[in-house]
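Contents: one structure, followed by commentary.
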Amino acid sequence: MMAAGAALASLLLTACSGGSDDNNGEGCAQVLVFARPAAGGAECRSFATPCDVPAGYTECCGGFYGSCVSPGTRCVDDPLDACSPGSGATDCPGICQ
């Protein structure tokens, strides 16, 4: 029984550490992230983890999207959308910079 528990613990630790070379061996937090192509022209879509966000995408934030997940970033107005918080729209999405 103890050997089965040790084997299960080993599998769980491997699963939590990512187990993929896509994130350079670092674990990836299981936190929902919203992002869109950096060039704009597309809605923000959800990704299961920050590691799942494709290269060239910008993290979305504000309103429904919540806070920035990436360390050292803050939510600013998205210059590529038509929503303008300065004109009274209080629920405009932003991007993390």
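The values are calculated or read from the model by the stated rules, or taken from the named source; none is laboratory data. Since the model is a prediction, treat every value here as computed from it, not as a measurement. Here the Cβ is made from the backbone with ideal geometry for all residues, glycine too, and neighbour counts use every protein chain on show.
Annotations for the structure displayed:
- Being modelled with pLDDT of 95 or more and out of contact with any strand residue (DSSP E or B) (no Cβ under 6 Å at 6 or more places or on another chain) is a description that does not apply to Gly41.
- Considering (1) touching a strand residue (DSSP E or B) at 6+ places or on another chain (Cβ under 9 Å); (2) surrounded by fewer than 16 Cβ atoms within 10 Å (Cβ to Cβ); (3) at pLDDT 95 or above, the lone condition that Cys96 does not fulfil carries the number (2).
- Residues within region 31-67 that are surrounded by fewer than 18 Cβ atoms within 10 Å (Cβ to Cβ), of a type in the set (S, T, N, Q) and either in contact with a Ser or Thr (Cβ under 8 Å, 6 or more places away or on another chain) or part of a strand (DSSP E or B) (or both), tallied: 1
- The sole residue among Val53, Val69, Val76 that is at pLDDT 80 or above, touching a helix residue (DSSP H, G or I) at 6+ places or on another chain (Cβ under 8 Å) and of a type in the set (Val, Ile, Thr) is Val69.
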